[in-house]
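The values are calculated or read from the model by the stated rules, or taken from the named source; none is laboratory data. Treat the numbers as computed from the prediction; the structure is a model and nothing was measured. Glycine also receives a Cβ, built like all others from the backbone with ideal geometry; neighbour counts cover every protein chain displayed.
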Amino acid sequence: MAFEPNMRAYPATSGVASAAVLDAGLRAYMLRVYNWMASGLVLTGIIAYAIASTSLQQLFYHPVITAYGARAIQPTGLAVLAMLAPLAFVLVLSFGVNRLSRTAAQTLYWCFCAAMGASLTSIFVVYTGESIVRVFFITAATFAAMSLYGYTTRSDLSRMGSFLFMGLIGIIIASLVNVFFASSALQFAISVIGVIVFTGLTAYDTQRIKADYLQYAYAIGSDQVAKRSVYDALQLYLNFINLFMLLLQLLGNRNNS
């Protein structure tokens, strides 16, 4: 089934002019969403690197030696709090985006990105800097390709949504189970399936964002559009971060120094 926007949501104006205005508005909106996402990623990276490369690292992780003589890190209470904090921000933004003011939504987004940076501090301790940079660019290329596909394809990707959501639930359950079993084989399977799921979600969410804008562009005010752009950026940000972390587990080189 071809993907078609709901034309009943558009105002009854000149067809060519209306289409041109709508297309320009869509491009501007998508650029705003990508700018929010990219800015959030930059802030996350800065916070994570700043903590990992300074004495602040000691507030989040303590170096330990395992029973096999290997070097490892043990998270502190602050690190655990930093890992849980992003979830709280996501829930507030997801369920309260329509009730929050424009400033509040944007502030919560920046706080979320900063908290995510604090929670990702350990990657600079566990993995080499070279492999982190390499995997980041692999993630960026994969994300850009799939987002472009989601934006340009005429195929309806909404049918993928339920399968991707079930896959995401399966990944979460398997990850919780693996906390107790610590199986490297299961972790490998989770990472591979996770890469597939979040690659698909990138295309799916991009098309959904485009469709939502085409359907409601004239039905909501500028403040609602601004808040919606933050929420949509959050969805793409989460896809990028999860894809990056899963690829890092598969392709990253561990720091043994």
Inset, instruction - Evaluate segment 127-138: report whether one residue or more is hydroxyl-bearing (Ser, Thr, Tyr), modelled with pLDDT under 90 and surrounded by fewer than 18 Cβ atoms within 10 Å (Cβ to Cβ). - result: yes
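Please indicate, with yes or no, whether at least one residue in segment 141-155 is more than 25 Å from Arg27 (Cα to Cα), surrounded by fewer than 15 Cβ atoms within 10 Å (Cβ to Cβ) and free of Cβ contacts under 8 Å to residues at least 12 places away in the same chain.
no
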Inset, instruction - Residue by residue through segment 108-163, note down the ones that are touching a strand residue (DSSP E or B) at 6+ places or on another chain (Cβ under 9 Å) and β-branched (Val, Ile, Thr). - result: Thr121, Val125, Val126, Thr128, Val135
Inset, instruction - Working only within segment 80-139, note down all residues that are assigned to a helix (DSSP H, G or I) and of a type in the set (D, E, K, R). - result: Arg102, Glu130, Arg134
Inset, instruction - Go through (1) free of Cβ contacts under 8 Å to residues at least 60 places away in the same chain; (2) exposed (fewer than 13 other Cβ atoms within 10 Å of the Cβ); (3) closer than 18 Å to Leu238 by Cβ one by one and return the number of the condition Ala85 breaks. - result: (2)
Inset, instruction - Give the residues of segment 164-184 that are without any contact (Cβ under 8 Å) to a residue 24 or more places away in the chain and either closer than 13 Å to Asp205 by Cα or not small (Gly, Ala, Ser) (or both), sorted by residue number. - result: Phe165, Met166, Ile169, Ile172, Ile173, Leu176, Val177, Asn178, Val179, Phe180, Phe181
Inset, instruction - Quickly run through segment 149-168 and pick out the residues that are assigned to a helix (DSSP H, G or I) and of a type outside the set (Phe, Trp, Tyr). - result: Gly150, Thr152, Ser158, Arg159, Met160, Gly161, Ser162, Leu164, Met166, Gly167, Leu168
Legend entry - When residues of segment 222-232 are limited to those that are under 19 Å from the mean Cα position of the chain (by Cα) and surrounded by fewer than 23 Cβ atoms within 10 Å (Cβ to Cβ), the one farthest from Ser175 (Cα to Cα): Ala226
Legend entry - The one condition in (1) more than 17 Å from Met245 (Cα to Cα); (2) surrounded by 18 or more Cβ atoms within 10 Å (Cβ to Cβ); (3) modelled with pLDDT of 90 or more that Phe60 fails to fulfil: (3)
Legend entry - Single residue of segment 233-257 satisfying the filter (of a type in the set (Gly, Ala, Ser) and not in a helix (DSSP H, G or I)) that is nearest to the chain's Cα centre (by Cα): Gly252
Inset, instruction - Please identify the pairs in which a residue from segment 104-122 that is touching a residue at least 24 places away in the same chain (Cβ under 8 Å) and crowded, with 20+ Cβ neighbours inside 10 Å has its Cβ atom under 8 Å from the Cβ atom of a residue that is of a type in the set (Val, Ile, Thr) and not in a helix (DSSP H, G or I), counting only partners at least 6 apart or on another chain. - result: Ala105/Val97
Inset, instruction - List every residue pair whose Cβ atoms lie under 9 Å apart, where the two residues are 6 or more positions apart in sequence or sit on different chains, the first residue falls within segment 237-257 and is on the phi > 0 side of the Ramachandran plot, and the second residue, located anywhere, is crowded, with 19+ Cβ neighbours inside 10 Å and hydroxyl-bearing (Ser, Thr, Tyr). - result: none
